[in-house]
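In what follows, a single structure is set out as structure tokens and then discussed.
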Amino acid sequence: MLTSWPDDPAVAVRAYREAMISGDEALALRAARVMEAEKVAPIDVALLDLAIAAHKGDRRAYDGALTRIDGGALRILSPVLRAWGAWDRKQPVEAALDSAGKEPVARRLAEEHRLLLALAGRRMADPSARVLLETVRAPADTRIAAAELMAGRGDEANARGLLTDPLVSSARGKLGRKPDLGFGVSRLFARVGAELVGEGPRPLVIALARTALIADPGNDRARLLMAEALAKDDAWDAAIAALEGVAPDRAFAHRAAVVRIGLLGEAGRPGEALMLAKGLATAKTAGVDDWQVYADQLIAAKRPADAAPWYERVTRADPPLPWAAWLQYGGALDQAGRKDEADAALARAVALGPEEPLALNYLGYARIERGEDVPGSLALLERASKLAPDDASVTDSLGWGYHKAGQTGRALPLVEQAAMAEPANSEIADHLGDIYWALGRHYEARYAWRAAALTADDSEQAALAAKLAR
């Protein structure tokens, strides 16, 4: 389309955005020139030229692109970009970093990169850098960049000691990286993109992730960022494709595999997700996170009996995991029909999380469904409702518990409240129909069951059809 309509700014904008998603650098540049000529270029176009210049080591083009950034909305990046340019020329970087002035975001980025530049220039010892990063609670992306630099010069111990969050599996792959201009630019763009991905404008986040990859194609963290940004727009296939370039022997490979499993599930490809999860869980290097992911996929595949032993492995982790692990284990046992074992596991979850409404709700609901210890079960459900008064599922459980205990009049307003809060919840609608029927309100019961049938899965449809037929 851009070839057919080379001067059309609307076509150029769309071509540019699609090129940034797919990584078609040539198309992005063509579209950028059209947008600039028509004066409709977005603020991130200058980042594209700068990233290309950084990757090629073209200092003249780098300075030209930086001048354009200085005059735009992304000028908060200028002090750090100018500092990396100075470092590349073996010039002092302090003046550029100090030019951040009092602007808070620019100053924060400058201070983070002051440390990275000190590491890159070998002006700071790794142990001192590690202590400083831990003391100021530097964000994950800054710690990852510092760890890459430390590992790149052989200090694996301090490098891996920095990586305490699940973003990167530091023990499972290569981490080291030698610094260059592209490294600094890429880590800055990925750092800002990670800050914005939760709430910021998605096209800008995608542009930051793509230009981070252009500046340094080895920045696997930027691929994860790209996948996360695309997933926010439900672009599952594009997000999966973004992860394909993650190097299998590098430290981000494991995290990318876990993210890919989730994306495959969302994309309606459960078979692939389950197969990949099984591979992680059964590998020699498998750990708690891998067992958890595989068990979750087995539950999604409606195989609770197969999921239970994997959840049980999770509960035996060292150090011990909290109440949620036991809740999932108990839930799998319950769905598999192993009620006594489920009760023990759910009771353990409540013991570990006595103020956790999900644990209280599940144990109380499971027991009252079996008619066991009705007063004690109601007490658990009442406690859960008090802790989570706005949770429709908890409200429904309490109402259903009253109904099972013979207090149907007391149950009705609670289940009605839950149904209004979550009208597409088939279980709540089914409960509401049963309660209406018990109270002699048969027309309303049938309407509630028909509503339930709209969203119920195949295993529930037969029971609903039988109720309607009768």
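The values are calculated or read from the model by the stated rules, or taken from the named source; none is laboratory data. Quick caveat: nothing in here was measured; it's all calculated off a predicted structure. Quick reminder, even Gly has a Cβ in these numbers, built from the backbone with ideal geometry, and neighbours come from all protein chains shown.
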| (1) closer than 22 Å to Arg210 by Cβ; (2) in contact with a helix residue (DSSP H, G or I) (Cβ under 7 Å, 6 or more places away or on another chain): which one isn't true of Ala83, the others all being true? | (1)
| note | Among Ala229, Ala256, Ala295, Ala239, the single one that is assigned to a helix (DSSP H, G or I), assigned by TED's automatic domain parsing to the domain that holds Ile144, within 21 Å of the chain's Cα centre (by Cα) and in contact (Cβ under 8 Å) with a residue 24 or more places away in the chain is Ala229
| When Asp306 is evaluated against the numbered criteria (1) under 21 Å from the mean Cα position of the chain (by Cα); (2) within 12 Å of Gln335 (Cβ to Cβ), which criterion, by number, is the only one it fails? | (1)
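Residues checked against (1) in contact with a Phe, Trp or Tyr (Cβ under 9 Å, 6 or more places away or on another chain); (2) buried (at least 17 other Cβ atoms within 10 Å of the Cβ); (3) closer than 27 Å to Ala324 by Cα; (4) touching a residue at least 24 places away in the same chain (Cβ under 8 Å):
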| position | (1), (2), (3), (4) |
| --- | --- |
| Val350 | yes, yes, yes, yes |
| Tyr362 | no, yes, yes, yes |
| Leu378 | yes, yes, yes, yes |
| Lys386 | no, no, yes, no |
| Asp430 | yes, yes, no, yes |
| note | Among (1) under 20 Å from Ala347 (Cα atoms); (2) crowded, with 17+ Cβ neighbours inside 10 Å; (3) of a type in the set (Lys, Arg), Lys404 falls short only on (1)
| What helices (runs of 4 or more DSSP H) completely inside segment 340-436 contain at least 3 residues that are polar (S, T, N, Q)? | 392-404
| Which residues, counting only those in segment 10-26, are surrounded by fewer than 17 Cβ atoms within 10 Å (Cβ to Cβ), free of Cβ contacts under 8 Å to residues at least 40 places away in the same chain and in a helix (DSSP H, G or I)? | Ala10, Arg14, Glu18, Ala26
| For Gln461, which of the numbered conditions (1) farther than 29 Å from Trp326 by Cβ; (2) touching an Asp or Glu at 6+ places or on another chain (Cβ under 7 Å); (3) not β-branched (Val, Ile, Thr) fails to hold? | (2)
| task | Output the residue which, of all residues in segment 137-161 that are in contact (Cβ under 8 Å) with a residue 12 or more places away in the chain and under 19 Å from Val105 (Cα atoms), is surrounded by the fewest Cβ atoms within 10 Å (Cβ to Cβ). | result | Pro139
| request: Would you check if Ala61 is surrounded by fewer than 20 Cβ atoms within 10 Å (Cβ to Cβ), part of a helix (DSSP H, G or I) and in contact (Cβ under 8 Å) with a residue 12 or more places away in the chain? | output: yes
| task | Quick one: which residue in Glu372, Glu416, Glu382 is at pLDDT below 95, of a type in the set (D, E, K, R) and either under 32 Å from the mean Cα position of the chain (by Cα) or in the same structural domain as Tyr447 (by TED's automatic domain parsing) (or both)? | result | Glu372
| field | Criterion (outside any loop (DSSP other than H, G, I, E, B), touching a residue at least 24 places away in the same chain (Cβ under 8 Å) and more than 30 Å from Trp5 (Cβ to Cβ)) met by exactly one of Leu50, Leu132, Leu77 | value | Leu77
| message | Can you go through Leu77, Leu167 and tell me which one is at pLDDT 95 or above and under 19 Å from Glu195 (Cβ atoms)? | response | Leu77
| field | Number of the exception - Leu439 against (1) under 39 Å from the mean Cα position of the chain (by Cα); (2) more than 30 Å from Arg303 (Cβ to Cβ); (3) surrounded by 15 or more Cβ atoms within 10 Å (Cβ to Cβ) | value | (1)
| So, in segment 196-232, of the ones that are of a type in the set (Asp, Glu) and under 23 Å from Leu181 (Cα atoms), which residue ends up modelled with the highest pLDDT? | Asp216
| From Asp373, Asp396, Asp391, which residue is in contact with a helix residue (DSSP H, G or I) (Cβ under 7 Å, 6 or more places away or on another chain) and on the phi > 0 side of the Ramachandran plot? | Asp373
